[in-house]
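First up is the structure itself, then whatever we jot down about it.
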Amino acid sequence: MRTRRLRNSCLELSAVAVLLAIPGTGSSAVPAKPTFAKDIAPIFQEKCQACHRRDSMAPMSLVTYEETRPWAKAIKERVATRQMPPWHLDKTVGIQSFQNDRSLSEDQIATIVRWADAGAPPGDSRDMPPPKPWPNENEWQLAKQYGQPDLIIKSDPYTMPAVGQDQWWRPMTEIPITEARWVRAVEMRPASMAGRRITHHAIAYLLQQEPADQKNPAASDDPLTAIAGGGILMEWAVGKQYDIYRPNTGKLLLPGAKVWWDVHYHAVGDTIQDHVELAVYLYPRDEKPNYRTYLTMFNAAASGKGSPLDIAPNVVAETENFHVLKQAARFENFQPHMHLRGKAMLLEAILPDGTKETISFVNNFNFNWMNNYIYTEDAAPEFPKGTVIHVKAWHDNTAAKASNPDPSQWVGWGDRTVDEMAHAWVNVTYISDDDYNQWAATHRPKKAALPFGLGGTN
């Protein structure tokens, strides 16, 4: 692990550059006089209303003009600085094709800014699109695709007091199966809307006795990653509700398996009791996929003795680690995990021939949104055995980081929100060498440099 100051301020200046650039856009796709009914409402339906509607998690609804108009100035600022919708990936490097991309295009941003600058006109009500139907929050979202879950596994309930320290609830629940079964999808949620207020995130670890030939190839002696070596069914966080495994791919449950929960609760001013539920959708008994997926934790933090993180006061700290793939593999997603001082995270592959490929780079991490970036079928990268996965994280322990509770404090690794972490969650599907060679024959390798200003060894 190394700690240093970043020598380039491109990350801090990016928001300013965006604000300066947008008003002068010359794109023909940006209407000259946008209105809410014709131009803004369709954007909000597509990108915003999943959260910004009544009885959902956002603080205000953006469904009708009357609900939206008081927030026009704030919307412009949040959109122009790329804070909303929450999508914190650098669009200039790495993979850019995602199943769940909720980011705004440059034209959409320019349209919203121009609308707000023009006084947020309502437009003709006849131009309004019909209201978008939304799923019932109390129903399983994947039930429309797979039918009702085959298993619903529940944690023991926990009561979070109105005021108090953060708590980590770690009960254990048996999985009711008597034979090996393959999982094709999982869905996870706090049991109630009130529970979503107190649940920061929840992890369902899979504890089971693995045959020697079935163990996760990513498992290691590193105590920070060993816990994930036996498998993780899912992590729930705001913005991540389910995982669907691609055809002929899944996770394996064995008789005697248990879920070991790790639920992070925080006080919100009301006493709330809740639990977490995990819906499991199984393959038919006679259908056995060829590939097994493991949710794997790739640490940027240090391995071995000592503190995994060592973040001095009033610095921007850089931390990195390396992991060797013991088998050819496909990466399905990228989900960086840090806390209040998290700034950026890079996921990079160093191929056996020395070629470096930027997989993904989050340059504007926000602790309030644990975004999971799920690659599309064609974009999901594959790597040969022996590839080194390089994970690099930046933490901003200065007053410039708005979410930093105290830049004068030393910060180390820990579970509390005021402590820090630095790892990437990746669903890794292990494949054969022949599988990889077939993929490589039709996917010309592309060399990708480090993001500007984040390279070097100074």
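The values are calculated or read from the model by the stated rules, or taken from the named source; none is laboratory data. Just so it is clear, the structure is predicted and the values come from calculations on it, not from any experiment. We place every Cβ from the backbone using ideal geometry, glycine too, and count neighbours over all the protein chains shown.
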Matching residues in the range 246-269 (part of a loop (DSSP other than H, G, I, E, B) and either surrounded by fewer than 19 Cβ atoms within 10 Å (Cβ to Cβ) or without any contact (Cβ under 8 Å) to a residue 12 or more places away in the chain (or both)) number 10
Wholly enclosed strands (runs of 3 or more DSSP E) of the range 145-187 bearing at least 1 residues within 26 Å of TYR291 (Cβ to Cβ)
151-154
So which residues in the range 400-425 are aromatic (Phe, Trp, Tyr) and either farther than 18 Å from ASN366 by Cβ or in a loop (DSSP other than H, G, I, E, B) (or both)?
TRP410, TRP413
All positions within the range 254-295 that are touching a helix residue (DSSP H, G or I) at 6+ places or on another chain (Cβ under 6 Å) and hydroxyl-bearing (Ser, Thr, Tyr):
TYR265, TYR281
Is at least one residue of the range 228-238 buried (at least 17 other Cβ atoms within 10 Å of the Cβ), more than 21 Å from the chain's Cα centre (by Cα), modelled with pLDDT of 90 or more and not acidic (Asp, Glu)?
no
Which listed residue is under 18 Å from HIS339 (Cα atoms), within 20 Å of the chain's Cα centre (by Cα) and modelled with pLDDT under 95, from ASP396, ASP378, ASP419
ASP419
Could you please give the count of residues in the range 98-129 that are of a type outside the set (Ser, Thr, Tyr), under 27 Å from the mean Cα position of the chain (by Cα) and not in a helix (DSSP H, G or I)?
6
Here are GLU320, GLU277: which of them is farther than 30 Å from PRO149 by Cβ and in a strand (DSSP E or B)?
GLU320
By residue number, the members of the range 23-48 that are in a loop (DSSP other than H, G, I, E, B) and at pLDDT 90 or above are VAL30, PRO31, ALA32, LYS33, PRO34, THR35, CYS48
State yes or no: is LYS76 at pLDDT below 95, surrounded by 14 or more Cβ atoms within 10 Å (Cβ to Cβ) and over 24 Å from the mean Cα position of the chain (by Cα)?
no
